[in-house]
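Reviewing the structure listed below.
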Amino acid sequence: ILNVEQSPQSLHVQEGDSTNFTCSFPSSNFYALHWYRWETAKSPEALFVMTLNGDEKKKGRISATLNTKEGYSYLYIKGSQPEDSATYLCASMIKAAGNKLTFGGGTRVLVKP
Amino acid sequence: EPEVTQTPSHQVTQMGQEVILRCVPISNHLYFYWYRQILGQKVEFLVSFYNNEISEKSEIFDDQFSVERPDGSNFTLKIRSTKLEDSAMYFCASSPQGPSYEQYFGPGTRLTVT
């Protein structure tokens, strides 16, 4: 069973501060890692899809890194703003499982003004 | 901007009844997915669909579940005989290509089985 874990489960951040959190996944047969941003009462929104060891991706103030050998990815938010408040989900895909995404439990980020 | 839509937003049904959840994926996308999230649990993959057939399904997706793309736009999930434990938020998603591409999620259908 593929187990994807995210930590911490929740995070309170002061506006303007930077923060980061972790997604860990089994490294064997790795194919792709997805990050999604999910605001309450909205659809999950894709942030990044990462496939290569050492990948770094950036969208605005949000960036992510990937280490496929040790099985982890970090998501960074620089200069957090209240609109960054959301649950951030990661999901892993392995080679043998076709298009199946296995999700972590999410990190809930609350940015306080 | 194109988006995935789902209907209804909330469905209440009695145990043993059949339900059909509907999704309209983004029009030029080729891959379609159903996920669910039981309250307090992780989002779980149910099934992926490509080229008019199931490409991958999870252990959850047993004979009680089926998917269909009846025309060029709709993608449906049918649960034949609902159980209490089927109560969850069901999400449809689509992607333009396969696993290396981001998936676009709909807003979800909350299914309550009583």
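The values are calculated or read from the model by the stated rules, or taken from the named source; none is laboratory data. Fair warning: this is a prediction, and the values are worked out from it, not measured in the lab. Note that each Cβ is placed from the backbone with ideal geometry, even for glycine, and that neighbours are counted across all protein chains shown. With ligands, DNA and RNA removed, areas are computed over all heavy atoms of the protein, side chains included. Shrake-Rupley method; radii C 1.70, N 1.55, O 1.52, S 1.80 Å.
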When segment A:47-64 is examined, which residues are found to be of a type outside the set (D, E, K, R) and surrounded by 16 or more Cβ atoms within 10 Å (Cβ to Cβ)?
A:Leu47, A:Phe48, A:Val49, A:Met50, A:Ile62, A:Ser63, A:Ala64
Selection count where residues are among the aliphatic types (A, V, I, L, M), surrounded by 14 or more Cβ atoms within 10 Å (Cβ to Cβ) and free of Cβ contacts under 8 Å to residues at least 24 places away in the same chain, scope segment A:7-46
1
Given the residues A:Leu47, A:Leu52, which is the only one that is within 14 Å of another protein chain (Cβ to nearest Cβ), of a type in the set (A, V, I, L, M, F, W, C) and either farther than 19 Å from A:Asn99 by Cβ or in a loop (DSSP other than H, G, I, E, B) (or both)?
A:Leu52
The residue that is least open to solvent (accessible area, probe 1.4 Å), considering only those in segment B:7-47 that are at the interface with chain A (Cβ under 9 Å from one of its Cβ atoms) and of a type in the set (S, T, N, Q), is B:Gln37
Among the numbered conditions (1) open to solvent by less than 20 Å² (accessible area, probe 1.4 Å); (2) more than 12 Å from the chain's Cα centre (by Cα); (3) within 26 Å of B:Trp34 (Cα to Cα); (4) not acidic (Asp, Glu), tell me where A:Ser80 comes up short.
(3)
Filtered residues of segment B:48-57 (kept if among the hydrophobic types (A, V, I, L, M, F, W, C) and open to solvent by less than 20 Å² (accessible area, probe 1.4 Å)):
B:Phe49
With B:Gln37, B:Gln64 as the choices, which residue is polar (S, T, N, Q) and within 28 Å of A:Thr51 (Cα to Cα)?
B:Gln37
With the requirement that a residue be in a strand (DSSP E or B) and aromatic (Phe, Trp, Tyr), what does segment A:1-44 give you?
A:Phe21, A:Phe30, A:Tyr31, A:Trp35, A:Tyr36, A:Trp38
Please work out which residue is surrounded by the most Cβ atoms within 10 Å (Cβ to Cβ), limiting yourself to segment A:83-113 and to residues that are assigned to a loop (DSSP other than H, G, I, E, B) and modelled with pLDDT of 95 or more.
A:Gly104
Can you tell me how many residues within segment B:48-74 are within 14 Å of chain A (Cβ to nearest Cβ) and of a type outside the set (A, V, I, L, M)?
11
Residues being part of a loop (DSSP other than H, G, I, E, B) and farther than 17 Å from B:Phe65 by Cβ: count how many of those fall in segment B:86-107.
10
Do the conditions hold for B:Val113, that is, is it crowded, with 17+ Cβ neighbours inside 10 Å, touching a strand residue (DSSP E or B) at 6+ places or on another chain (Cβ under 9 Å) and within 14 Å of chain A (Cβ to nearest Cβ)?
no
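The rows are residues; the columns are (1) surrounded by 15 or more Cβ atoms within 10 Å (Cβ to Cβ); (2) out of contact with any Lys or Arg (no Cβ under 6 Å at 6 or more places or on another chain); (3) within 14 Å of chain A (Cβ to nearest Cβ).
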position	(1), (2), (3)
B:Leu77	yes, yes, no
B:Asp86	yes, yes, no
B:Met89	yes, no, yes
B:Cys92	yes, yes, yes
B:Gln103	yes, yes, yes
B:Gly108	yes, yes, yes
